[in-house]
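See below for the structure under consideration.
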Amino acid sequence: MSEILDVIFNINTFSAAIRISVPLVFAAIGGVFSERVGVINLGLEGMLLGGAFSAVLGSYLTGNPYIGVLLAMFMGAIIGFIFALFTLKFEANHVVAGVGLNILLLGTTTWLMQIIWGSRGTSVNVTGLSEITIPLISSIPIIGKLFGSHNILVYLMFVVVILSWIVLFRTPFGLRLRVIGEHPKAADTLGIKIRKIQYTSLIFSGVLCGLGGAYLSLGHLNWFSMNMSAGRGYMALAANIFGGWNPLGAFGASYLFAFTDALQMRMQALNLNVPNEIIQMVPYILTILVLAGAMIRSRPPAALGKHYKTSR
Amino acid sequence: MNIIEFKGITKTFGSLTANSNIDLQIKKGEIHCLLGENGAGKTTLVNILFGLYNQDKGEIFIAGKPCDINTPHKAIELGLGMIHQHFMLVDRLTTTENIIAGEEPMKNGFVDMTRAKKQVRKISDEYHLSVEPDAIVENISVGEQQRVEILKVLYRKAKILIFDEPTAVLTPQEVASLFKILNKLKAGGKTIIFITHKLEETMKISDRVTVLRKGKVIDTVNTSNTSPKELAKMMVGREVLLRVEKEKKKSGETVLEIRNVSLYGKHKRPLLQNINISVNQGEIVGIAGVAGNGQLELEETIAGLRKIQAGQILLNGEDITGKQTKERRGKGLSHIPSDRLKRGLVPSSDLAKNIILGNHNAFSKKGFLQRDKIKKYSKNIIEKFDIRCRSLQDNVDQLSGGNQQKLVIGRELSTNPVFILAAQPTRGVDVGAIEFIHQNLLEIRKKNKAVLLISAELEELMSLADRILVIYEGRIVSEKKKYTREELGLLMAGEKLG
């Protein structure tokens, strides 16, 4: 028993959870921006995958992983725009459009991998992102271990969490965005340019997923593999809901999911006389329980999933 | 001086002409009523003015200049403001956030909430529109929500205010205070366009009235030169009985009895508390109250759509508390639901099918529907209840609200019921249909049936009901034979009679 507690309260578990949470946090905040303007975004999964692929491609072509990150952001923006076109302009059902996007990107990335690297399984190794050590912070005992040495995307994640919260709840853009997700017609009668804000928000959502994807491929490992996102987009959407459509909440929820995952991995190493499969189930069971509890009292934006025609 | 002039405005939706060649002038600083039945084209016209629709033909002049208003944004720039019938408010935001959204005061790129609240307070003081700047919209009363809507418009410096059926959701006290606000706005130099289908209000508040019927302007008159009777005639196109004549009648045996009924919602929130109601033969009993005080729950409870936690419901002395809706209907309960499109009709299905709805077993043989029998029965009801339609194959959603309601009433009154639960039977229907529905309810009373009338229309309750019970926060707070309007208003607002 004490072995298990040791693992739970081990600083390495907390530190590993930060790394695991990065793609979840980016995608979950992408989910916040999308759902706050009324668009259900199941496409987070595909956007992450697209980002992961583009990042490796950028690094492969230039040898510079930072160019890879920029390419992932750019491709994310384009994917976000395509998703916006389908859900806003062509008024597709949001769930169908999201699932469609995921299938499209799974197919496209696999196909491109075959063309570029001649393999459907994994890409070649590319240059990944290196860790940056912050001198002062890294020498503080516990904090240093948690925050002292990471690659650039981890630091950027903390900035994004805080900035997103400020944008949503302290700026005119954020207020307008929230009004649109709750009551688009009210926004319309206030003279708010609904479509412009919705497109901006969805493109931003794509950019964030691009960053999350880039972390998956260039931050974790140094290659891309087929279906690399492996359901993280769906988990991120759940984190967005559990976090109450709030960037801070989304961060907390993502971190919780990531923590259980880190725990699971470390517990497997303990030889607990329990089948590994059972331990691997723990994070998913926790996700289900947490979500079942959160769903009961959560209250999504009132106009989520509904189409609003601005044209007359 | 004319601040607004409509010239030849025409707007069609598919085969329906909502506005046909409308010419209309609004003078600066007046309160101008647009009076008309539902579907007369009032709302369409102001939606065109406010840039929510674009007209097919015609021009609008604001202060003498032709204006192309194609978005609300443009309308707001021109000094127009609209207070919508269904409030355009975000429930979860504060009043201040609702007011400033889209035109936020800023400081260094952030919303300056301190300044925003100050501005809101300044305008609300100027026009006596008391609003709490930090309150969340869903927690404030309907009257206060309406004041937030007015503030939204004034905050955007509107000079012309359009009110779309603003009194529909208000108590008599709230209406009185709205009228004070309107006069205050007028004194401040604002021009007001007031849409309504209520004659009494028109007479009370307006300087001039324009009557619309079937998308056309019938006439514009000075309010001081006209009468409710004349206006009603212009609205409907024929003479209308404004007051129904009710014959004196002695009530008979008790038909429906509700004993100590209580109902709880989520988290044990009480929705109905210890309700006692009895309705006798040949009697109409009225339930008065502001929407959302338990009327819907009471309706659902009696109809058998909700399970109660305590108490008993008796129909003709028989306990029906645990019985399902179908069994209750079999024992002679008829139900005119408050939401006809949600509960009373299948809008995308044809008239005949809707007419036999719930009674279809009487029209089937060996598991098949008997089409001829249905056709004959439907024709009879359509004729008897004056349901205007092109054919039996029409879908219900092609009918006007009034005709839809007549269909529900025709169906429910034709099954030879002993008790009729009539919830908001005239909601959203026009003067002509209201008259018809009222006569039918009195007719059924004459036949010694029992009627429970749940209504938000005080006029309706006062002219039809033999007794009125007032419901407030799920309790019956008062029961009497006669009330004045003021008394009902106070009781409905939760006050006590002194």
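A few remarks follow.
- Verdict on B:Asp394 being surrounded by 15 or more Cβ atoms within 10 Å (Cβ to Cβ) and either in contact with a His (Cβ under 6 Å, 6 or more places away or on another chain) or among the acidic types (Asp, Glu) (or both): yes
- Residues being basic (Lys, Arg) and more than 8 Å from chain B (Cβ to nearest Cβ) - total across segment A:186-207: 2
- Among the residues of segment B:110-132, not a single one is under 20 Å from B:His32 (Cα atoms), acidic (Asp, Glu) and in the same structural domain as B:Glu30 (by TED's automatic domain parsing).
- Residue check, B:Gly51 in the same structural domain as B:Thr196 (by TED's automatic domain parsing), exposed (fewer than 15 other Cβ atoms within 10 Å of the Cβ), touching a residue at least 12 places away in the same chain (Cβ under 8 Å) and not charged (D, E, K, R): no
- Test: residue in segment A:254-270 that is within 14 Å of another protein chain (Cβ to nearest Cβ), out of contact with any strand residue (DSSP E or B) (no Cβ under 8 Å at 6 or more places or on another chain) and surrounded by fewer than 17 Cβ atoms within 10 Å (Cβ to Cβ): no
- On inspection, A:Phe173 does not qualify as aromatic (Phe, Trp, Tyr) and away from every other protein chain (no Cβ under 14 Å).
- Taking the conditions (1) in contact with a Ser or Thr (Cβ under 8 Å, 6 or more places away or on another chain); (2) of a type outside the set (Val, Ile, Thr); (3) under 30 Å from B:Pro72 (Cα atoms); (4) more than 14 Å from chain B (Cβ to nearest Cβ) in turn, A:Gly243 satisfies each one other than (3).
- Filter pass, A:Arg36 being of a type in the set (D, E, K, R) and modelled with pLDDT of 95 or more: yes
- Inspection of segment A:119-136 finds a residue satisfying the criterion of being more than 14 Å from every other protein chain (Cβ to nearest Cβ), crowded, with 17+ Cβ neighbours inside 10 Å and among the aliphatic types (A, V, I, L, M).
- Search result, residues across segment B:279-289 that are in a strand (DSSP E or B) and not acidic (Asp, Glu): B:Val279, B:Asn280, B:Ile284, B:Val285, B:Gly286, B:Ile287, B:Ala288
- Residues that are in a helix (DSSP H, G or I) and not hydrophobic (A, V, I, L, M, F, W, C), drawn from segment A:170-187: A:Arg170, A:Pro172, A:Gly174, A:Arg176, A:Arg178, A:Gly181, A:Glu182, A:Pro184, A:Lys185
- Looking only at residues of segment A:139-160 that are of a type outside the set (A, V, I, L, M) and surrounded by fewer than 14 Cβ atoms within 10 Å (Cβ to Cβ), we find that the one that is nearest to A:Gly252 (Cα to Cα) is A:Tyr155.
- Residue selected from segment B:39-67 under the condition polar (S, T, N, Q) and in a helix (DSSP H, G or I), by the criterion nearest to the other protein chains (Cβ to nearest Cβ): B:Asn47
- Subset of segment B:68-82 [facing another protein chain (nearest Cβ under 7 Å) and more than 28 Å from the chain's Cα centre (by Cα)]: B:His73
- Verdict on A:Leu270 being more than 21 Å from A:Glu45 (Cα to Cα) and assigned to a loop (DSSP other than H, G, I, E, B): yes
- Residue match in segment B:143-159 (condition: within 25 Å of A:Arg195 (Cα to Cα), part of a helix (DSSP H, G or I) and either away from chain A (no Cβ under 13 Å) or of a type in the set (Ser, Thr, Tyr) (or both)): yes
- Here B:Leu24 passes the criteria (1) crowded, with 17+ Cβ neighbours inside 10 Å; (2) within 14 Å of another protein chain (Cβ to nearest Cβ); (3) outside any loop (DSSP other than H, G, I, E, B) except the one numbered (2).
- Some residue of segment B:400-410 being more than 23 Å from B:Glu300 (Cα to Cα), out of contact with any Gly (no Cβ under 7 Å at 6 or more places or on another chain), at pLDDT below 90 and exposed (fewer than 14 other Cβ atoms within 10 Å of the Cβ): no
Residues checked against (1) in contact with a Phe, Trp or Tyr (Cβ under 8 Å, 6 or more places away or on another chain); (2) surrounded by fewer than 18 Cβ atoms within 10 Å (Cβ to Cβ); (3) closer than 13 Å to A:Gly213 by Cβ:
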site: A:Leu44; (1), (2), (3): yes, no, yes
site: A:Phe53; (1), (2), (3): yes, no, yes
site: A:Thr62; (1), (2), (3): no, yes, no
site: A:Ile79; (1), (2), (3): no, no, yes
site: A:Phe83; (1), (2), (3): no, no, no
site: A:Gly107; (1), (2), (3): no, yes, no
site: A:Trp111; (1), (2), (3): no, yes, no
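Every residue, every condition in (1) among the polar types (S, T, N, Q); (2) in a helix (DSSP H, G or I), yes or no:
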position: B:Glu247; (1), (2): no, no
position: B:Gly252; (1), (2): no, no
position: B:Ser262; (1), (2): yes, no
position: B:Gln273; (1), (2): yes, no
position: B:Ile277; (1), (2): no, no
position: B:Gln312; (1), (2): yes, no
position: B:Arg343; (1), (2): no, yes
position: B:Asn354; (1), (2): yes, yes
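- Looking across segment B:83-107, the residues that are more than 10 Å from chain A (Cβ to nearest Cβ) and not β-branched (Val, Ile, Thr) come down to B:Gln85, B:Lys107.
- Residues of segment B:442-472 satisfying the condition of being at pLDDT 90 or above and in a loop (DSSP other than H, G, I, E, B): B:Lys447, B:Asn448, B:Lys449, B:Ala465, B:Asp466
- Applying the criterion of being surrounded by fewer than 23 Cβ atoms within 10 Å (Cβ to Cβ) and of a type in the set (A, V, I, L, M) to the residues of segment A:208-227, the residue that is farthest from A:Ile18 (Cα to Cα) is A:Met226.
- Filtered residues of segment A:120-151 (kept if in contact (Cβ under 8 Å) with a residue 24 or more places away in the chain, among the aliphatic types (A, V, I, L, M) and part of a helix (DSSP H, G or I)): A:Ile142, A:Leu146
The values are calculated or read from the model by the stated rules, or taken from the named source; none is laboratory data. Just so it is clear, the structure is predicted and the values come from calculations on it, not from any experiment. Positions of Cβ are backbone-derived with ideal geometry, glycine not excepted, and every protein chain shown enters the neighbour counts.
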